[in-house]
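Working notes for the structure below.
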Amino acid sequence: MARPLIQLALDSLDNATTFKLATLAAPYVDVLEIGTPNIKANGLPLVRELKKKFPNKLLLVDLKTMDAGEYEASPFFEAGADIVTVLGVSGLPTIAGVIKAANKYNAEVQVDLINVPDKAGCARESAKLGAQIIGFTPVSTHRLLARPRSLTFSSLLSSACRFASLLLVASSSQPLSRLLALAQASL
């Protein structure tokens, strides 16, 4: 069974803050995520710099690609991204384009299911296309910022368990079923 990975989102728009946080956290995390606001503000140079400074960390670029999948994702894979995100609501042709780019660079794709009405269906079809990671955020950021006290670890875990149940319909993955059993046991 694959081991769980710890991921840190680097969402600061300031490069100095981003590098300071990455340097402090690097010994404790497996994946450095360049968050969407950060990648939009700092672009390809940040990807190159982080990959150069942290070559042994997985680098996830949260592009949230919506169209022109291969065209948009390719430069980020070329710059050193190990994983790039694409929105599930973008449609299968866009997802396939990001996967094509990832394959060219021996990298991976995370399909983000934010706002996807049929999460299980999108996960199933994305996996058939070759997506390696299906991402799910159980609460939108704007709602979290508006009501931070309403979010608890228990509510996040409960949402994750409900979603994992949907994924079991989409995939007969043994590790996923073990994860679901462990998560349900901890509720």
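The values are calculated or read from the model by the stated rules, or taken from the named source; none is laboratory data. The structure displayed is predicted, hence computed values, not measured ones. Glycine also receives a Cβ, built like all others from the backbone with ideal geometry; neighbour counts cover every protein chain displayed.
A few remarks follow.
- Annotation note: of ALA81, ALA96, the sole residue that is crowded, with 16+ Cβ neighbours inside 10 Å and assigned to a loop (DSSP other than H, G, I, E, B) is ALA81.
- Unique match (being in a loop (DSSP other than H, G, I, E, B) and touching a residue at least 12 places away in the same chain (Cβ under 8 Å)) among LEU5, LEU63: LEU5
- For region 66-84, filtered to residues that are of a type outside the set (Gly, Ala, Ser) and under 16 Å from the mean Cα position of the chain (by Cα), the residue that is farthest from ALA22 (Cα to Cα) is MET66.
- Test: residue in region 54-65 that is under 16 Å from the mean Cα position of the chain (by Cα), surrounded by fewer than 22 Cβ atoms within 10 Å (Cβ to Cβ) and closer than 22 Å to ARG124 by Cα: yes
- Selection status of LEU10, in contact (Cβ under 8 Å) with a residue 12 or more places away in the chain, within 25 Å of PHE136 (Cα to Cα), surrounded by 14 or more Cβ atoms within 10 Å (Cβ to Cβ) and within 15 Å of the chain's Cα centre (by Cα): yes
- Residue in region 38-51 that is in contact with a strand residue (DSSP E or B) (Cβ under 9 Å, 6 or more places away or on another chain), loosely packed, with under 13 Cβ neighbours inside 10 Å, on the phi < 0 side of the Ramachandran plot and assigned by TED's automatic domain parsing to the domain that holds ASP112 present: no
- ALA101 fulfils the conditions (1) modelled with pLDDT of 50 or more; (2) farther than 15 Å from GLU70 by Cβ except for a single criterion, (2).
- Filter result for the condition that a residue is closer than 28 Å to ALA127 by Cα and touching a residue at least 40 places away in the same chain (Cβ under 8 Å), over VAL31, VAL84: VAL31
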